[in-house]
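Let me begin by presenting the structure, written as structure tokens, before commenting on it.
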Amino acid sequence: TYSEDKIFDWLSENTLTFDKSFGDHDLNVLGGFSAQKTNYSNTSLAANSFLTDQISTLNAGIISSGSTFEEQSSLASLFARVNYSYKNKYMVSLSARGDGSSKFGVNNQWGYFPSASLGWRVSQEDFFKPLTSTINEFKLRATVGKTGNNGIPNYAAYGTLTPVNSINNNTIEQGFAQTSTSNPDLSWESTTETNFGIDMAFLENRLYFSFDYYIAETDQLLLLVPISAVTGFTEEYQNIGKMKNT
């Protein structure tokens with residue numbers, strides 16, 4: 001047997017960053033665009049009836065089977081982020097991104113994922129100064145954000161075809177038959193997470209403590225679900241169901 005896999009992946013990321021400090025204010029702005037494409041191909045051959053074990057290349061036998069396979073996927077993203085802090089005590093971060101994936105149906109290839117976070121370094125406040133000898137660092141933070149998942153096979157949203165033979169006037173003719181369902185509305189699975197946290201440091205910053213409480217809700221789960229065989233198929237990928245973690 002002989003098998004060869006080829007993967008060619010290219011990624012282009014372009015970002016523009018602006019930094020500015022003025023007085024007690026610090027500002028950082030980032031914007032960008034990225035594009036990615038992956039091509040995968042496979043070639044497989046098999047031979048038997050070798051006359052000798054001394055020559056192991058396939059030409060020394062009789063080719064019994066062969067196949068080739070190829071698929072590709074692409075992803076495009078737009079993203080932006082703004083970070084702002086005042087006196088290194090109050091921090092705000094806002095971000096947003098849009099991602100378009102070839103894996104999804106033609107009606108819903110793009111997903112949009114915003115996020116926001118707030119931070120307050122309480123230990124930098126004047127009223128906290130008497131405690132800094134015991135608690136060296138005390139910070140409160142809160143975050144809410146949305147992320148996406150496109151972890152499904154390529155062409156899962158499209159009705160794929162396979163060659164088949166049929167009889168027409170006592171003659172064998174080749175045609176094609178659909179092997180999977182088409183779901184043009186298949187789209188991103190998304191997770192919205194809310195997080196509240198506390199960071200503390202003791203013993204001249206030698207001991208750190210962090211506490212986090214989060215709620216993560218995943219919606220529009222990407223699942224391969226059974227469908228009625230009356231359709232001619234037994235399963236298809238759908239956005240269905242929710243899941244919650246705390």
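The values are calculated or read from the model by the stated rules, or taken from the named source; none is laboratory data. What you see is a predicted model; the values in this text were computed from it and never measured. Here the Cβ is made from the backbone with ideal geometry for all residues, glycine too, and neighbour counts use every protein chain on show. What goes into the accessible areas is simple: the full protein's heavy atoms, side chains included, and nothing from ligands, DNA or RNA. Shrake-Rupley method; radii C 1.70, N 1.55, O 1.52, S 1.80 Å.
Read through the list (1) more than 30 Å from ASP99 (Cα to Cα); (2) in a strand (DSSP E or B), then give the number of the only condition that ASN195 fails.
ASN195 satisfies every listed condition except (1).
Here is a yes/no grid of residues against (1) of a type in the set (A, V, I, L, M); (2) within 25 Å of SER187 (Cα to Cα); (3) surrounded by 13 or more Cβ atoms within 10 Å (Cβ to Cβ); (4) over 16 Å from the mean Cα position of the chain (by Cα):
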{"site": "TYR84", "(1), (2), (3), (4)": "no, no, yes, yes"}
{"site": "LEU118", "(1), (2), (3), (4)": "yes, no, yes, yes"}
{"site": "VAL122", "(1), (2), (3), (4)": "yes, no, yes, yes"}
{"site": "ASN136", "(1), (2), (3), (4)": "no, no, yes, yes"}
{"site": "THR147", "(1), (2), (3), (4)": "no, yes, yes, no"}
{"site": "ALA156", "(1), (2), (3), (4)": "yes, yes, yes, no"}
{"site": "THR160", "(1), (2), (3), (4)": "no, yes, yes, yes"}
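So which strands (runs of 3 or more DSSP E) stay within the range 113-191 end to end and still have 2 or more residues that are in contact (Cβ under 8 Å) with a residue 60 or more places away in the chain and within 30 Å of LYS87 (Cα to Cα)?
Qualifying strands (runs of 3 or more DSSP E): 135-149.
Quick test for you: out of SER41, SER64, SER12, pick the one residue that is within 30 Å of SER95 (Cβ to Cβ) and either within 36 Å of the chain's Cα centre (by Cα) or part of a strand (DSSP E or B) (or both).
One residue alone meets the criteria, SER12.
Out of PHE69, PHE113, PHE79, PHE127, report the one residue that is open to solvent by 50 Å² or more (accessible area, probe 1.4 Å), aromatic (Phe, Trp, Tyr) and under 30 Å from ALA35 (Cβ atoms).
PHE69
How about the range 86-110: which of its residues are outside any strand (DSSP E or B), touching a Ser or Thr at 6+ places or on another chain (Cβ under 9 Å) and open to solvent by 80 Å² or more (accessible area, probe 1.4 Å)?
Of everything in the range 86-110, just one residue is outside any strand (DSSP E or B), touching a Ser or Thr at 6+ places or on another chain (Cβ under 9 Å) and open to solvent by 80 Å² or more (accessible area, probe 1.4 Å), namely ASN107.
Could you identify the single residue in GLU189, GLU204, GLU217 that is of a type in the set (Asp, Glu) and open to solvent by less than 40 Å² (accessible area, probe 1.4 Å)?
Matching residue, one of GLU189, GLU204, GLU217: GLU189.
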